[in-house]
Amino acid sequence: MVRLRQRLLVLLPIVGITGMTLISPPIASSSDDSAAKGAQVYCFMRSNGNGHQVSWEAAYALIKRQKSGMFKTSPEHAAVMITEAVVKDPGSYPDCGKFLGNLFGTGKGAASSSNINSTSSPTSSEWSEDNRYSY
């Protein structure tokens, strides 16, 4: 019985600290803030004539540096963050919607009407790892 009490006394502070971490509210403002900053950089650069690659690298570098901790934001998550920021407040990013497709590897910007209306899947010569969702 004494041994059990000693173990509980050792574990209680650990459980208390862990419980406090789980109960505390998530910090969403820093994520939203870095998404907005990334979207602002990407859209500003694209609307001023810069290509996708240089604009993406600048926006992604900014998003990665905004997050503290051991794990950094993946490129896929950063693309989603930028897209969500633009869709959430399109007035702040005028004409940026036409560039969002480039974030997901289409390389074409806005989709052409022939691609939208087409129901056939890509041929083997058109398929690649980057455009696997283009059909």
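The values are calculated or read from the model by the stated rules, or taken from the named source; none is laboratory data. Source: prediction; values computed, not measured. Here the Cβ is made from the backbone with ideal geometry for all residues, glycine too, and neighbour counts use every protein chain on show.
Quick check on my filter: what residues within the stretch 32-51 are of a type in the set (Gly, Ala, Ser), touching a residue at least 40 places away in the same chain (Cβ under 8 Å) and under 14 Å from LEU103 (Cβ atoms)?
Initial filter on the stretch 32-51 (of a type in the set (Gly, Ala, Ser)): 34-36, 38-39, 47, 49, 51.
In the following step, the residues that additionally are touching a residue at least 40 places away in the same chain (Cβ under 8 Å) were identified as 34-36, 38-39, 47.
Within the stretch 32-51, ALA35, GLY38, ALA39 meet the criteria.
The helices (runs of 4 or more DSSP H) falling completely within the stretch 46-135 that include 1 or more residues that are under 18 Å from the mean Cα position of the chain (by Cα), at pLDDT 90 or above and closer than 25 Å to SER34 by Cα map to 52-66, 75-88. Listed by first and then second residue, the pairs with beta-carbon distance under 6 Å, at least 6 apart or on different chains, first residue in the stretch 54-75 and over 10 Å from VAL41 (Cβ atoms), second among the aliphatic types (A, V, I, L, M) and in a helix (DSSP H, G or I), are THR73/ILE63.
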